[in-house]
Amino acid sequence: MSETAIRTEGLRKVYRTGFLRRAFVGLHGLDLEIPRGEVFGLIGPNGAGKTTTLKLLMGLNSPTSGTAQILGEPIGSMRAMARVGFLPERPYFYDYLTATEFLHFYGQLHGMPRARRIDMIDRLLPLVHMERARDTQLRKFSKGMLQRVGIAQALMNDPELVVLDEPSSGLDPMGRLLIRDIVRDLKTKGTTVLFCSHVLSDVEEVSDRVGILIAGKLQDVGTVDELVGKRETTVEVTLHGLTDDLVAELPLQPHRVSSRGHHIFEAADHSAARALVAAAVERGGELFGYVARRESLEQHFMDEATSVERQDREAGVR
Amino acid sequence: MIKIWAIALNTFREAVRDKILYSLLFFALLMIGSSVLIAELIIGEYGKIIRDIGLAAISIFGLLIAVFVGIGLIYKEIERKTIYTIASKPVPRWQFLVGKYFGLLGTLATEVAIMAVAYVLVLNGIGAGTTSAMLPAIWLTFMELAVVTAIAILFGSFTSPVLSALFTVGLTLIGKMSEELVLLGQRSESGAVRFLMDTVYKVLPDLSRFDLRTQASYGLEVEWEYVAYATGYGAAYAAALLVLASIIFRFRDFK
Ligand SMILES: Nc1ncnc2c1ncn2[C@@H]1O[C@H](COP(=O)(O)OP(=O)(O)O)[C@@H](O)[C@H]1O
Ligand SMILES: [Mg+2]
């Protein structure tokens, strides 16, 4: 059994658009390796090429060049698809089917016998909190409900790899939590999960590793800590019991003064913060708060996006 | 096999739960019913006219459904992205097309059966009587629909609905007139024109082979060999179209 769930080499997609068939690069040679059992989050702004990547992996589009394997099988092969579950972006399904008929249908497409389908449906509908809508036609479903049965659909064959395109889009906060729980459950079972989102907080919390995709290029891959660790952290120090004269003698000046008379400082790093605290305590001050503020992935991501944009402009691409 | 069956059943289920089909069926039944009134107005052989109008109604409404449901069948799946979840399952794309095809054919068979029953009831109700060629005529009407549905699926698998409709309707009309085309060609002096017309005839579907309306309304005999031959022709032609559609469909991207 292959230890790699997904491997891509130079995977590239050029779209031809409009009457003149102008070339547009949806994905620039992607090299990516995702080991089995990993939860991998792909983030990037709209139009970054996330959906393009997932569609290539699912065999819905053919790559312009490059290769990829899923669970050791070439993409698009029946052997690969039998072991994968996929939830497309903003999924649409057959309106006139009930939730149960819908899941039976997808189970049949996997060639599952009836008894196993019934078994899976009885497990999956409660998992996505949809057991009350068993016999309701899909056209009466809200967006969030469709998303839920969509996820159930992707899990029908008990897949080894689950691929989700913007799974939290259109969901309320409860729905988002549900998705996180499902992804965590899958991880516990050893299932590999690849999902993408433009909402970073969804990715940050559940992913083992994160890939940042911008303008069709994979800019950065790593654990959240690795990606963020490359940046400085700031420390917020709150001091109590200092007079204005004493404060003036400190190595740093307060950022602001709270309503209760606390002096709040922003130190650039831990050593600056420690020096500040030592000087304050020496002068009879009291340490009230010490919070290391890591740069959020969101900030990191925004920085990447602007730097890519700048590079592109400098290169005269746009 | 279970996969083709699942897709066919699903297509059928979607179609019969959709209201558009009922309105078409309603108009078809209305037309069959009103053939009685029309026949009253026309001087001539009363029973023959009613028999003829009824069969024409079955054919026309069948064709309408075949073309307009047929071209949307694949396009809608891609446009609405329902294809994403199906094409990412272990289902070869040709099985998807064939499943869709048989699903629509099942729907058409149901419609034709309902119209045929209404037709026979009307005939018996007014004492116009049935003829022996009627069942073969209705059967071959269905075979014609089998070919036209395959044409619609072929175009629907790679062009826009408007173009598909244009091509499918065009090809159907040419197919219905193919006998005339051959006659026209044979009358031509030029060998090239004769050859061209002959080739066109051989490549395009000859839908006039499925037309037994005259025999049915005049009460003429139809040989079973002829029906078997026309059925075989229709099945082979539809199969060839589906093979072609599958080849095209296999290599296309889904937007
Ligand atoms: N079928 C297509 N034809 C032409 N351009 C496309 C097509 N699909 C996507 N694109 C373009 O490729 C880029 C990436 O799209 P996509 O992968 O959907 O981005 P994301 O999912 O990250 O929002 C976008 O600029 C989009 O306009
Ligand atoms: Mg997308």
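The values are calculated or read from the model by the stated rules, or taken from the named source; none is laboratory data. These numbers come from a predicted model, not from an experiment. Quick reminder, even Gly has a Cβ in these numbers, built from the backbone with ideal geometry, and neighbours come from all protein chains shown. Quick note on the areas: whole protein, heavy atoms, side chains included, nothing else; ligands and nucleic acids left out. Shrake-Rupley method; radii C 1.70, N 1.55, O 1.52, S 1.80 Å.
So residue A:71 clears everything in (1) in contact with a Lys or Arg (Cβ under 6 Å, 6 or more places away or on another chain); (2) within 13 Å of chain B (Cβ to nearest Cβ); (3) more than 16 Å from ligand 2 (Cβ to nearest atom); (4) open to solvent by 20 Å² or more (accessible area, probe 1.4 Å) except one condition, right? Which one?
(4)
What do you reckon, is residue A:89 among the charged types (D, E, K, R) and either over 22 Å from residue A:160 (Cα atoms) or more than 9 Å from chain B (Cβ to nearest Cβ) (or both)?
When the stated conditions are applied, residue A:89 does not pass them.
Is it fair to say residue A:26 is within 13 Å of ligand 2 (Cβ to nearest atom), of a type in the set (Gly, Ala, Ser), within 14 Å of chain B (Cβ to nearest Cβ) and touching a residue at least 24 places away in the same chain (Cβ under 8 Å)?
Yes.
Among all residue pairs at least 6 apart or on different chains, which show Cβ distances below 9 Å where the first residue, located in the stretch A:119-134, is at positive phi and the second is open to solvent by 90 Å² or more (accessible area, probe 1.4 Å) and in a helix (DSSP H, G or I)?
That search, which allows pairs on different chains as well, returns A:129/A:174.
Open to solvent by 30 Å² or more (accessible area, probe 1.4 Å), away from ligand 2 (no atom under 16 Å from the Cβ), without any contact (Cβ under 8 Å) to a residue 24 or more places away in the chain and of a type in the set (Lys, Arg): is that true of residue A:21 in this structure?
yes
I'd like the residue in the stretch B:215-255 that is within 16 Å of ligand 1 (Cβ to nearest atom) and either basic (Lys, Arg) or under 11 Å from residue B:97 (Cβ atoms) (or both) and, out of all such residues, is most open to solvent (accessible area, probe 1.4 Å).
B:255
In the stretch A:110-129, is there at least one residue being more than 15 Å from ligand 1 (Cβ to nearest atom), open to solvent by less than 60 Å² (accessible area, probe 1.4 Å) and within 20 Å of the chain's Cα centre (by Cα)?
Within the stretch A:110-129, one or more residues are more than 15 Å from ligand 1 (Cβ to nearest atom), open to solvent by less than 60 Å² (accessible area, probe 1.4 Å) and within 20 Å of the chain's Cα centre (by Cα).
Search the stretch B:227-255 for residues being out of contact with any Leu (no Cβ under 6 Å at 6 or more places or on another chain) and within 16 Å of ligand 2 (Cβ to nearest atom), and hand back the single one that is farthest from the other protein chains (Cβ to nearest Cβ).
B:255
Going through B:101, B:119 one at a time, which residue ends up being farther than 22 Å from residue B:173 by Cα, touching a residue at least 12 places away in the same chain (Cβ under 8 Å) and not small (Gly, Ala, Ser)?
The match here is B:119.
Determine which member of the set A:51, A:8, A:17 is touching an Asp or Glu at 6+ places or on another chain (Cβ under 7 Å), within 13 Å of ligand 1 (Cβ to nearest atom) and polar (S, T, N, Q).
Residue meeting the stated conditions: A:51.
Name the single residue, out of those in the stretch A:29-46 being out of contact with any Gly (no Cβ under 9 Å at 6 or more places or on another chain) and within 15 Å of ligand 1 (Cβ to nearest atom), that is nearest to the other protein chains (Cβ to nearest Cβ).
Step by step, filter the stretch A:29-46, then rank; the result is A:46.
Return yes or no: is residue A:188 away from ligand 1 (no atom under 16 Å from the Cβ), among the polar types (S, T, N, Q) and outside any helix (DSSP H, G or I)?
Taking the combined requirement at face value, the residue does not satisfy it.
Do any residues in the stretch B:67-81 that are under 12 Å from residue A:93 (Cα atoms) have Cβ atoms under 8 Å from those of residues that are modelled with pLDDT of 85 or more, where the two are at least six apart or on different chains, and which pairs are they?
Final answer for the pair search is B:76/B:82; B:77/B:83; B:77/B:86; B:77/B:100; B:81/A:88.
Just to confirm my filter: which helices (runs of 4 or more DSSP H) fall fully inside the stretch A:35-138 and include at least 1 residues that are in contact with a Cys (Cβ under 9 Å, 6 or more places away or on another chain) and charged (D, E, K, R)?
In the stretch A:35-138, the matching helices (runs of 4 or more DSSP H) lie at A:50-57.
Among what's in the stretch A:144-168 and is open to solvent by 30 Å² or more (accessible area, probe 1.4 Å) and over 15 Å from residue A:93 (Cβ atoms), pick the residue that is farthest from ligand 2 (Cβ to nearest atom).
Once the filter is applied, the top-ranked residue is A:158.
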